[in-house]
Amino acid sequence: MYDKGAVIAGLAVFVVFFSFPFWYNTGSAAYKQPQPELPKNSKQCVESKEWMRAEHMQLLNTWRDDVVREGMHEYTSTANGQVFNKSLVKTCMKCHDSKEKFCDKCHTTMDVNPYCWDCHVAPKEAK
Amino acid sequence: MKNTRRKFLKVAGLAVLGWSMRPASRLMAAHGAQSAEGLFMASKHGAPKHGEGLHAGRWIMLIDTNKLTPAIEQKCINACHTNHNVPDIETKQNIKWIWAEPLHNVFPEQMHENIPGGTERTTLVLCNHCTNPPCVRVCPTKATFQREDGIVMMDFHRCIGCRYCMAACPYGSRSFNFMDPRPHIKDAIPEFPTRTKGVVEKCEFCSERLAEGKLPYCVEVSEGAMMFGDLEDPESEVRKVLASRYSIRRKPELGTEPGVYYLI
Amino acid sequence: MLEKVLKGNKVYWGWLAILLALMAVGAVCYGKQLVNGLTITGMSRDVSWGFYIAQFTFLVGVAASAVMMVIPKYLHDYKAYGKILIFGEFNAVAMVCLCLMFIIADLGSPQRLMNIIIHPTPNSMLFWDMIVLNGYLLINIFVGWITLQAYRKEVAPPQWIKFFIYLSIPWAVSIHTVTAFLYCGLPGRGYWMDAILASRFLASAFAAGPAFLIILLYIVKATTSFDPGKEALKSLGKTIAYAMSINLFLVLCEVFTVNYSNIPSHLHHWHYLFFGDGVLVPWMWTSMSMCFVGVLILIVPSNRESDNMLIFGCLFVFIGAWIDKGLGMIGGGFVPNALMEITEYVPTQLELGVALGIYAAGFLILTMLTKIAVGVKLEVGE
């Protein structure tokens, strides 16, 4: 084999980089499912809890384009036929009134940074 | 046998091409009844047609230059800027949705110094919501677009901040977020989003208020100096005023057909 | 052929080190811009495009000018350009890269750059600029590489490459035309609203581009044993003289139209650029006189015989055209603004730092491509 040293060194560097997430996180606390605080003043979201957990980003994306670009403001729930105003702040955050205790719970654990709150104003946190 | 298969494939290929034309052409320029966004060309977008909001064929605004006083102007500006979270920046990188400007700046081609009150008198300027908006024509991402009721909208989620629309606007109605606006907003109103650094913004004729059945903020506090209504409705208040008083628009020679009329 | 990049003398490596250092400076400045936004620039609500877009406009021209050698070589079989054509093509590659970097540097939200492709909008001239610039980049990489490779193997280039060579001629015209259309189609910007803007852009580009190339080739000649051939340089000098004369003629056409018609919305910009007390006034006079002197030098055949005079003429033309397009064209278009108010624009140090870094990156590409071309030429033995 030509350039044995260089090839093996290169492979070693590759393996170290590739396994970075594993050895970097060894010893840190085990994953615990985040527990976002559910609203007290209402029982039912616009769709079922399971669906929302998986699809809320797509839903918000669609709502955004519908409202901003097409002027369509009404959303009819497929769960119970109820009609909602398509609005993050005026609908979602009216029930989920704390960003810290709801949105951030999962987003922090998952280390995702949606840019919603660069523009949209989160409700004031109760101290 | 060989020949017929060949022939069949040719015809089938052509047919597929033909069938694909219709949906493709529809995608390229979707507008009218089907108000979805065209794949290629900027097209008119849907405006709410039902529900509790206010609807119009073509929204226009009238500004009575004689009724406006500096105090009223300031009230209009404050009402708009506070409720739309417009940041208060002192430098030349400032942001304005509606502001007061001397008449000789507003109508550089149409003023002379001997008009009553002189040309230093101010009036309000804002986005003209043109019928032929140059900003919409130049936007490379359709981030700024025109609704069927004439309102020129901004999609802050899509704007890439190229500022081509600012170069294209012949009225200087657009502002760019050179910096993060948040530190320059005293108390952000939660009902309306702020913007983020790197996007362009402007007046949207209070489309969010129209959807709730309310008139724009500036019109509401203008003490009758501003009016808002449907140009296409012959019975509307604005049509009656336009028919009875002399009005001008900014830079009519450019063919943009502004939706803001100034009563003289 | 890439291996040529890895072998060089101390001057070569020193130059690359300087460029890398400047790129690092640019990266730091751009980092600040990413964090703080375009507020670190001198741009404002009224002058919303500045140094970045102006550099892009100027460099598109330098890129397009490769066609000034492609036409004589391939349409008129002018042999003298055969030896140096590759430098024109590789120069175009580096210049288009510079253009693209300047556009990206100018974006307020570069993270959304791909929106131009995700939401294609052919009614925007910027969409077409993206198409023609990237197309021109690919054509020149392709043609340059294939012809150089054939040259190295001492065989004739494949016949089909002719198609791309001929395609590059109208394509070169298109990149600068579309760039002019960015400006001249805007209502209410009197300085740009001008049907001859595209032709003026092309004329000044066909002067500034070859001028840059002549200087580049003299540098190559001084630092390597490659001789581009006096005949070719002289001919390029002739092209510059004609192109710049046409440009000055077109400028005079505009001056007449604007002044004799006396329409304020057009006149104010010229007044601001040449007679007011704006920051650009001394620059614009310098620009015009340098272009004029450059033409005077290059139009005399005996001056083109002398290396020194040729270099001087080229420097004058290049700097003159750079000030005109790289400073005046954008500043003059935005001042006075739509409300006839004057807001001055001066680029900030950070802005210039970003631009410096981008230029260094472009010159890095140019240096390495030139190194490849020279290496192959010397290897085959010219």
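Observations on the model:
- Chain lengthening between C:ILE18 and C:ALA150 when straightened (0.36 nm per residue, less Cα-Cα): 44.2 nm
- Its relative contact order, with pairs defined as Cα atoms under 8 Å and 6+ residues apart, puts chain B at 26 percent.
- Projected-area mean, chain B, by convex hull of Cα positions, square nanometres: 19.2 nm²
- Applying a DSSP loop filter and a limit of 12 other Cβ atoms within 10 Å to the chymotrypsin sites (Phe, Trp or Tyr not before Pro) in region A:6-78 leaves A:TYR31.
- Simple spin-label estimate for A:ASN61 and C:GLU231 in nanometres, 7 Å along Cα-Cβ: 6.1 nm
- Taken about its Cα centre, the protein assembly as shown carries a charge dipole of roughly 2440 debye when the Cβ of each Lys and Arg holds +1 and the Cβ of each Asp and Glu holds -1.
- Peptides C:340-346, C:129-135, ordered by how many other C-beta atoms sit within 10 Å of their residues on average, highest first, read C:129-135, C:340-346.
- These residues, C:GLU379, B:GLU235, go from largest to smallest accessible area, 1.4 Å probe, as B:GLU235, C:GLU379.
- Helices meeting the span-like rule in chain B (full DSSP H runs, Cα extent of at least 24 Å along the helix axis, mean Kyte-Doolittle score of 0.5 or higher) are absent.
- Spin-label pair C:LEU138/A:SER77, simplified geometry with 7 Å Cα→Cβ offset, distance in nm: 5.0 nm
- Accessible area, probe 1.4 Å, largest first, for residues A:ASP111, B:ASP155, A:ASP97: A:ASP111, A:ASP97, B:ASP155
- Alpha-carbon centroids, region A:11-50 and region B:90-116: separation in whole Å: 55 Å
- Ordering C:MET69, B:ALA100, B:ILE185 by the projection of their Cα atoms onto the charge dipole of the protein assembly as shown, which places +1 on the Cβ of Lys and Arg and -1 on the Cβ of Asp and Glu, puts C:MET69 at the extreme positive end.
- Cross-link pairs B:LYS92/B:LYS186; A:LYS101/B:LYS186; C:LYS32/C:LYS371; A:LYS124/B:LYS75; B:LYS186/C:LYS32; A:LYS40/A:LYS101 - those with Cα-Cα distance over 22 Å: A:LYS101/B:LYS186; C:LYS32/C:LYS371; A:LYS124/B:LYS75; B:LYS186/C:LYS32
- In this simple spin-label model, placing a label point 7 Å from the Cα along the Cα-to-Cβ direction at both C:PHE164 and A:VAL16 gives a separation of 4.1 nm.
- Unit charges on C-beta of K, R, D, E only; dipole of region B:54-263, Debye: 560 debye
- Estimated FRET transfer efficiency (C:GLU3, C:VAL28; beta-carbon r; R0 41 Å; 0.05): 0.80
- Of A:LYS4/C:LYS10; B:LYS142/B:LYS202; C:LYS73/C:LYS238, pairs whose Cα-Cα distance is over 20 Å: A:LYS4/C:LYS10
- Residue-count net charge about B:CYS139 - beta-carbon cut-off 10 Å; Lys, Arg +1, Asp, Glu -1: +2
- Nearest-ten-degree value, helix C:10-36 long axis tilted from longest Cα axis of chain C: 30 degrees
- Seen against the Cα atoms of chain C and their longest principal axis, helix C:51-64 is set at about 40 degrees.
- The Cβ shell under 13 Å around C:LEU100 holds other residues with a net charge of -2, Lys and Arg each +1, Asp and Glu each -1.
- For the protein assembly as shown, projected area of the alpha-carbon convex hull averaged over all directions, nm²: 45.9 nm²
- With respect to chain C, whose longest principal axis is taken over its alpha-carbon atoms, helix C:85-106 is tilted by about 30°.
- A Förster radius of 35 Å, combined with the Cβ-Cβ distance separating C:LEU378 from C:LEU356, puts the computed FRET efficiency at roughly 0.65.
- A:ASN113-B:LEU215 FRET efficiency (beta carbon distance; Förster radius 45 Å; 0.05 resolution): 0.75
- Those chymotrypsin sites (Phe, Trp or Tyr not before Pro) in region C:271-305 that DSSP places in a loop and that have at most 14 other beta carbons within 10 Å: C:PHE275
- Chain B: antiparallel DSSP beta bridges as a percent of all, rounded to 5: 75 percent
- With at most 13 other Cβ atoms within 10 Å, longest stretch of chain C clear of loop trypsin sites (Lys or Arg not before Pro) (DSSP): C:154-382
- Most mobile of B:ALA79, B:ALA15, B:ALA56 in a GNM of chain B (Cα contacts under 10 Å): B:ALA15
- Euclidean distance of C-alpha centroids, region C:291-315 and region B:188-210, integer Å: 57 Å
- The residue among C:ILE53, C:ASN259, C:ILE116 whose Cα reaches farthest toward the positive pole of the charge dipole of chain C, with charges on the beta-carbon of Lys, Arg, Asp and Glu, is C:ILE116.
- Total charge dipole magnitude, region B:82-143, about the Cα centre, Cβ charges on Lys, Arg, Asp, Glu only, Debye to nearest 20: 360 debye
- For region C:154-222, chymotrypsin sites (Phe, Trp or Tyr not before Pro) are listed when DSSP marks them as loop and at most 15 other Cβ atoms sit within 10 Å of their Cβ; the list is C:TRP160.
- Residue (of C:GLY313, C:LEU339, C:GLY362) at the positive-pole extreme of region C:306-382, dipole from beta-carbon charges: C:GLY362
- Among A:VAL13, A:VAL67, A:VAL112: highest mean-square fluctuation, GNM of chain A, C-alpha pairs under 10 Å: A:VAL13
- Percent carbon-and-sulfur accessible area, chain A, ignoring ligands, DNA and RNA, probe 1.4 Å: 62 percent
- Aspartates and glutamates with Cα under 17 Å of B:LYS240, excluding same-chain neighbours fewer than 8 positions away: B:ASP64, B:ASP230, B:GLU232
- For the options B:LEU62, B:LEU215, B:LEU17, a Gaussian network treatment of chain B with springs between C-alpha atoms closer than 10 Å singles out B:LEU17 as fluctuating the most.
The values are calculated or read from the model by the stated rules, or taken from the named source; none is laboratory data. All values derive from a computational prediction rather than experimental measurement. Note: ideal-geometry Cβ built from the backbone for every residue, glycine included; neighbour counts use all protein chains shown. The area values use the complete protein model at the heavy-atom level, side chains included, leaving out ligands, DNA and RNA. Shrake-Rupley method; radii C 1.70, N 1.55, O 1.52, S 1.80 Å.
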